[in-house]
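Heads up: the structure comes next, in structure tokens.
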Amino acid sequence: MAANKTSKIGLTGKILIGMGAGITLGLVLRILFPESTFVSDYITNGFLHVIGTIFISSLKMLVVPLVFISLVCGTSSLSEPSKLGRLGGKTLAFYLFTTAVALTLAILAAVLVHPGSASMATENMEYSVKAAPSLSEVLISIVPTNPMQAMSEGNMLQIIIFAVIFGFAVSHIGERGKRVAALFDDLNEVIMRVVTLIMQLAPYGVFALMGKLTLTLGLDTLGSVIKYFALVLTVLLIHAFLVYPTLLKAFSGLNPLIFIRKMRDVQLFAFSTASSNATLPVTMEAAEHRLGADNKVASFTLPLGATINMDGTAIMQGVATVFIAQVFGIELTITDYAAVVVTATLASIGTAGVPGVGLIMLAMVLNQVGLPVEGISLIIGVDRMLDMVRTAVNVTGDAVATVIIAKSEGSLNEAVYLDPKAGKTSGSFDAEVHRTL
């Protein structure tokens, strides 16, 4: 009887259980053994680190083959150049638009709430950051000189460009191209089955990640920046659960509540991994099997979104820029605010979807408006927590764009979108794993 009840727990429930168990373990160990070397060496940096890293590595292992194979499949099915250009134009325009909206919303909120105080500034603030590439360097580096090197290094924009060109060529060489396209369709099925198998690790991986985070997070830094933290979190939630649903309803006419319900698993994965790229396999499965987007659209919009759609990061940058300016007593003009919006929006192109990259982008924005980069040290203590939330926002935006664009292209199966059981039967992780086992 107990076994039957356990088997009925869905993926979301299992992940939540793992997340709760990990947080509980971390809190208990922090309270009982606050300075324990054994806990630090063998549990935090030992057991939990190993399990969490294996889970993240297993997801990242799939990203490059998944993106390349899916994009080749999607692009090769678009035989007309106008379709590819239209799809790319819509996707890029939507992502840049929502990023600009996110930044504007964040800046307005920060100006109105005024989270920064000059009393927080100290003389010994230090923060070193990698030099951010210039816009010209970003544009030049989009085209790969060595596609194999791009794949080995996980350079997503270069992989996307090569896959699009490769898929376009496949669609224009007649019968030989059809045979190659059929091979990639088969490979796509194989890689999605691998995703299904990897999902068996999900609850355990989330347990380890949350346990380690709870044990290592410097909670003492939260007090001094609680207003900043609360403001960023509030704007992130507004963007995810008000702006995105509004855009979805306005451009597609679909029920946003259905979308939010079907995206819970993806958002939990994004929250626990803090990486859009690592979450990409889960986002792809949800978009196709739960939301009804055709592969030829999802395989293009989602990898591109994981690379350039950084709305959550943009919100952090907008609030953080105003916050740091207020701490140092620097007045920003309308021109400065406009520069922040433009710089951060363009900087999102080519930024890797990995944990912590938002701080590098923030340094670029601060330099653009003449603010001290050292101010980043004020917020770095809570950035990891916010990074997890903004990653969930980013993948939500990717999925919203996919649904809207698929609907506009006539490539959305609305029956699947409206079906509450879609993605929980033959196409679901749970069902696939059950059959595999």
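The values are calculated or read from the model by the stated rules, or taken from the named source; none is laboratory data. If you're wondering where the values come from, they're calculated on a predicted model, not measured in any experiment. Please note: Cβ atoms are built from the backbone with ideal geometry, for glycine as well, and neighbour counts cover all protein chains shown. Note: areas computed on protein heavy atoms with side chains; ligands, DNA, RNA excluded. Shrake-Rupley method; radii C 1.70, N 1.55, O 1.52, S 1.80 Å.
In order along the stretch 253-258, the Karplus-derived 3J(HN,Hα) couplings, from 6.51 cos²θ - 1.76 cosθ + 1.60 at θ = phi - 60°, round to x, 7, 6, x, 5, 5 Hz, and Gly and Pro are given as x. Taking each residue as 0.36 nm, the span from ARG193 to ILE165 lengthens on full extension beyond its C-alpha to C-alpha distance by 7.5 nm. Just add up the charged neighbours of SER252: K/R +1, D/E -1, any other residue whose Cβ is under 12 Å from the Cβ of SER252. Neighbour charge sum, excluding SER252 itself: 0. Ranking SER275, SER57 from most to least accessible surface, computed with a 1.4 Å probe over the protein chains only, gives SER57, SER275. Here the Karplus curve 6.51 cos²θ - 1.76 cosθ + 1.60, taken at θ = phi - 60°, turns the phi angles of the stretch 95-109 into couplings of 5, 5, 5, 5, 5, 5, 5, 4, 5, 4, 4, 5, 5, 4, 5 Hz, with x standing for Gly and Pro.
Mean projection of the Cα convex hull over all viewing directions, computed for the stretch 140-181: 3.2 nm². The phi-based Karplus calculation (6.51 cos²θ - 1.76 cosθ + 1.60; θ = phi - 60°) puts the 3J(HN,Hα) values of the stretch 398-411 at 4, 5, 4, 4, 4, 5, 4, 5, 4, 5, 5, 8, x, 10 Hz, whole numbers, x for Gly and Pro. Take the Cβ atoms of LEU237 and LYS178, set R0 to 51 Å, and the FRET efficiency comes out at 0.60. Sorting ARG290, ARG264 by solvent-accessible area of protein heavy atoms yields ARG264, ARG290, largest first, with a 1.4 Å probe. Is there a pair in LYS262/LYS421; LYS14/LYS212; LYS262/LYS407; LYS249/LYS296; LYS60/LYS296 whose C-alpha atoms are over 20 Å apart, and which pairs would that be? Pairs exceeding the cut-off: LYS249/LYS296; LYS60/LYS296.
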